[in-house]
Amino acid sequence: MNLFGVLEISNSALVAQRQRAEVVTSNLANAETTRTLAGGPYRRQHVIFGARRVPAGSFGSILGATRDLHAQGVQVERVVTDTTPPLRRFDPGHPDADAEGYVSYPVINPIEEMVNLMGASRAYQLNVSAVRATKSMILQSLEILR
Amino acid sequence: MSWMTTPLLASLEKYLDLNTFRVTLITSNLANIDTPGYRTRDLDFERELRRAEANMVPESLLPAVREVPGLLERPDGNNVSLERETMLLAQTQLQFNAGVELLRSKLRGLLNAINEGR
């Protein structure tokens with residue numbers, strides 16, 4: 001129950017949303033990638049968020065000791081790979097074409113990814129304004145000392 | 001109770017404490033706005049303040065936190081409302097500022113009393 005712990009919560013959300021934006025942009029960048037290290041075309045990735053306690057040992061939680069039981073941050077629990085079968089396009093001249101002349105492309109819908117990216121960006125802004133609010137409260141409480 | 005810790009100062013401290021705790025809950029809700037299955041949590045501010053004023057809660061005990069009923073739930077089981085949380089955050093921030101100002105003016109009064117006696 002202290003304001004530095006509150007910053008810790010918003011920070012966890014900023015990190016998680018940035019990771020989401022990273023995954024989405026790599027989906028967009030690889031929309032036409034037919035070769036990956038694992039072989040085959042690129043596969044779309046999703047992030048899964050999960051609520052979690054603010055980690056012990058962080059600055060805020062040391063100050064707050066055991067009182068931060070209700071402080072729940074967020075983290076990326078897993079990055080899941082989409083299992084949808086790849087899109088097959090007829091292009092016999094392509095170096096990655098199979099025996100029948102079809103090339104496997106990733107199934108990525110740019111609109112879906114853009115919407116996801118906007119969601120991540122808005123959620124990031126939201127948490128930045130939460131940080132701003134907390135910061136002004138900390139500064140205000142310092143005024144007591146004056 | 002010494003001359004410095006007047007009942008007003010003590011209850012202002014509780015008021016600020018409770019506001020800080022509420023900000024913890026609101027930022028948790030905001031952080032989890034995209035977490036599947038997360039439920040909005042809040043406390044009954046008036047009730048907890050009354051309980052704290054009446055010294056019914058031991059210092060070590062946290063205020064009672066409950067899930068907020070009646071919010072629209074999204075298909076992924078999350079029911080965090082952006083509008084509700086941002087409004088509450090602004091409100092709590094202002095309440096906190098008001099509490100700090102009251103505390104300061106009270107302390108300034110004490111300081112005046114000390115200085116005027118010279």
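What to note about this one:
- Checked against the criterion of being without any contact (Cβ under 8 Å) to a residue 12 or more places away in the chain, within 10 Å of chain A (Cβ to nearest Cβ) and surrounded by fewer than 19 Cβ atoms within 10 Å (Cβ to Cβ), the candidates B:GLU83, B:GLU46, B:GLU101, B:GLU116 yield just one match: B:GLU101.
- Taking the stretch A:20-133 as the region of interest, the strands (runs of 3 or more DSSP E) fully inside it that hold 1 or more residues being within 30 Å of A:SER10 (Cα to Cα) and modelled with pLDDT of 90 or more are A:45-53, A:72-81.
Table: residues versus (1) at the interface with chain A (Cβ under 7 Å from one of its Cβ atoms); (2) assigned to a helix (DSSP H, G or I); (3) touching a residue at least 12 places away in the same chain (Cβ under 8 Å).
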| residue | (1), (2), (3) |
| --- | --- |
| B:MET4 | no, no, yes |
| B:LEU18 | no, yes, yes |
| B:ARG22 | no, yes, yes |
| B:LEU25 | yes, yes, yes |
| B:ASP34 | yes, no, yes |
| B:GLY37 | no, no, yes |
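- Pair list, Cβ < 6 Å and 6+ apart or interchain, from the stretch A:2-15 residues that are facing chain B (nearest Cβ under 7 Å) to residues that are assigned to a helix (DSSP H, G or I) and aliphatic (A, V, I, L, M): A:ASN2/A:LEU63; A:LEU3/A:MET137; A:LEU3/A:ILE138; A:VAL6/B:VAL23; A:ILE9/B:ALA31; A:SER10/A:ALA130; A:SER10/A:VAL131; A:ALA13/B:ALA31
- Cβ separations smaller than 7 Å between residues 6+ apart or across chains give the following pairs from the stretch A:110-133 residues that are in contact (Cβ under 8 Å) with a residue 24 or more places away in the chain to residues that are part of a helix (DSSP H, G or I) and among the basic types (Lys, Arg): A:ALA120/A:ARG20; A:TYR124/A:ARG18.
- Matching residues, the stretch A:88-144, being of a type in the set (Asp, Glu) and under 30 Å from the mean Cα position of the chain (by Cα): A:GLU112, A:GLU113
- Positions within the stretch A:1-37 being among the charged types (D, E, K, R) and surrounded by fewer than 18 Cβ atoms within 10 Å (Cβ to Cβ), in sequence order: A:ARG18, A:GLU22, A:GLU32, A:ARG35
The values are calculated or read from the model by the stated rules, or taken from the named source; none is laboratory data. Every value quoted in this text rests on a predicted model; they were computed, and no experiment measured them. Virtual Cβ from ideal backbone geometry, glycine too; neighbours counted across all protein chains shown.
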